[in-house]
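Accompanying notes for the structure given below.
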Amino acid sequence: MKIGVPKEIKTHEYRVGLTPGAVREYVAAGHSVLIETNAGAGIGATDDKYRKAGATILDSAHEIFASSEMIIKVKEPQSSEWAQLRENQILFTYLHLAPDPEQAKGLLKSGCTAIAYETVTDAHGGLPLLAPMSEVAGRLAIEAAGSALKRYAGGRGLLIGGVPGVQPARIVVIGGGVVGTHAARMAAGLGAEVTILDRSIPRLRELDELFEGRVRTRFSTIDTVEEEVFAADVVVGAVLVPGASAPKLVSRRMLSSMRKGSVIVDVAIDQGGCFETSRPTTHADPTYEVDGVIHYCVANMPGAVPLTSSQALNNATLPFGLALANQGFATVLENPHLRAGLNVYRGRLTYRAVAESLGLPFSPIEQAAA
């Protein structure tokens with residue numbers, strides 16, 4: 001199979017769909033890999049490194065899209081990219097379609113087969129291609145909060161860990177999944193006072209055991225969310241409903257009762273965000289203020305550390321990408337975990353939560369492929 005890797009074009013996105021090491025694996029399996037020139041610049045991977053790994057370097061994204069049977073990316077395709085996709089071409093990348101009707105329409109119109117990293121599953125019911133970036137984003141959330149809390153950035157002028165004799169920051173994490181766990185780990189490690197809210201009692205028990213009392217856990221209700229958010233210096237939104245838009249758990253009304261100069265970090269912004277006042281931002285302009293509360297809503301947080309992120313992502317995607325390259329679309333029908341990743345197939349939405357979020361018809365793959 002001919003596999004194409006275009007350079008990422010989203011603002012300040014430095015990750016790359018395939019590292020040179022991953023390219024070697026595809027080439028060793030008998031596939032051709034086409035890399036757009038300078039696609040790996042953000043991770044220090046030169047065109048020569050890709051050539052040595054067995055790739056062919058092409059001069060433009062147009063050539064990549066025109067020549068490839070499968071496109072492997074990191075971020076969702078931008079408008080200039082989805083316009084180049086075509087029928088019988090596989091797209092393997094993060095999509096986050098639920099809050100993005102324009103992209104969804106573009107993919108449907110193209111006739112391509114689009115498989116979303118964020119909905120591929122594993123035998124344990126997890127999301128193995130989302131997990132590595134969730135780990136990175138959870139840790140970065142606390143770094144971002146620390147910067148936004150500084151007075152010159154509009155924050156309260158508070159050090160996350162405090163110093164002896166001075167109260168540390170109070171950090172509330174909404175959601176006890178992968179993002180929330182890693183955010184809490186970073187915050188607790190810096191000495192913050194950390195609380196995790198979640199609606200799963202078994203998960204709260206696991207977190208309590210994991211942190212051995214260093215992090216408070218509370219069952220998430222309207223009352224507890226309000227109580228914790230109003231007293232927080234930092235609130236991290238880490239809620240995930242696979243494929244669907246994130247629920248809005250903190251309303252605009254609630255901001256007026258939050259501490260002035262407190263910080264919201266919405267890691268769920270790729271799925272529309274879990275704060276009513278959230279809107280996507282970029283690494284170039286990451287924050288804005290609403291009612292005295294600083295919002296950090298960068299939609300590609302792991303792109304800030306592309307070397308770590310690209311390696312972690314490739315480690316996770318490689319087995320699935322090789323399966324697609326080796327067997328083509330047939331493996332999607334045979335492999336339930338890849339089938340769970342299928343969001344778009346030849347002009348139809350094949351992931352129920354995405355279709356419901358967008359208010360568009362849902363077609364089970366058995367029906368769409370008939």
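The values are calculated or read from the model by the stated rules, or taken from the named source; none is laboratory data. Treat the numbers as computed from the prediction; the structure is a model and nothing was measured. Methodologically, a virtual Cβ is constructed for each residue, glycine included, from the backbone with ideal geometry; neighbour enumeration extends over all protein chains shown.
Only one entry of V293, V298, V332 meets the criterion of being under 28 Å from V229 (Cβ atoms), of a type in the set (A, V, I, L, M) and in contact with a helix residue (DSSP H, G or I) (Cβ under 6 Å, 6 or more places away or on another chain), and that entry is V293. Tell me, which residue of region 289-303 that is in a loop (DSSP other than H, G, I, E, B) and at pLDDT 95 or above is farthest from L358 (Cα to Cα)? This residue is G292. Selection of region 325-341 for residues being under 12 Å from Y117 (Cβ atoms) and touching a strand residue (DSSP E or B) at 6+ places or on another chain (Cβ under 8 Å) yields L338, G341. It is to be established whether one or more residues within region 276-288 are among the hydrophobic types (A, V, I, L, M, F, W, C), part of a helix (DSSP H, G or I) and over 30 Å from L342 (Cβ atoms). Within region 276-288, none of the residues are among the hydrophobic types (A, V, I, L, M, F, W, C), part of a helix (DSSP H, G or I) and over 30 Å from L342 (Cβ atoms). Against the conditions (1) over 16 Å from the mean Cα position of the chain (by Cα); (2) assigned by TED's automatic domain parsing to the domain that holds H182; (3) buried (at least 16 other Cβ atoms within 10 Å of the Cβ), R151 satisfies every one except (3). Among all positions in region 272-280, there is no residue which is touching a Phe, Trp or Tyr at 6+ places or on another chain (Cβ under 9 Å) and aromatic (F, W, Y). Among the residues of region 132-139, are any touching a residue at least 12 places away in the same chain (Cβ under 8 Å), of a type outside the set (S, T, N, Q) and closer than 29 Å to E69 by Cα? Yes, the conditions are met somewhere in region 132-139.
In region 317-350, the qualifying residues are those that are of a type outside the set (A, V, I, L, M) and free of Cβ contacts under 8 Å to residues at least 60 places away in the same chain, and the one that is farthest from L108 (Cα to Cα) is P319. Among the residues of region 335-356, are any in a helix (DSSP H, G or I), touching a Pro at 6+ places or on another chain (Cβ under 6 Å) and crowded, with 16+ Cβ neighbours inside 10 Å? For region 335-356, residues in a helix (DSSP H, G or I), touching a Pro at 6+ places or on another chain (Cβ under 6 Å) and crowded, with 16+ Cβ neighbours inside 10 Å: absent. Restricting the search to helices (runs of 4 or more DSSP H) fully inside region 1-104 and requiring at least 3 residues that are over 22 Å from the mean Cα position of the chain (by Cα) gives 20-28, 47-53, 61-67. Only one of the listed residues (A232, A244) is surrounded by fewer than 24 Cβ atoms within 10 Å (Cβ to Cβ), in contact (Cβ under 8 Å) with a residue 24 or more places away in the chain and over 18 Å from I171 (Cβ atoms). That residue is A244. The set of residues in region 205-224 being in contact with a Leu (Cβ under 9 Å, 6 or more places away or on another chain) and crowded, with 19+ Cβ neighbours inside 10 Å consists of V215, T217, S220.
The conditions of being at pLDDT 95 or above and surrounded by 19 or more Cβ atoms within 10 Å (Cβ to Cβ) are met by H31. Candidates are the residues of region 95-137 that are among the small types (G, A, S) and on the phi > 0 side of the Ramachandran plot; the one that is modelled with the lowest pLDDT is G125.
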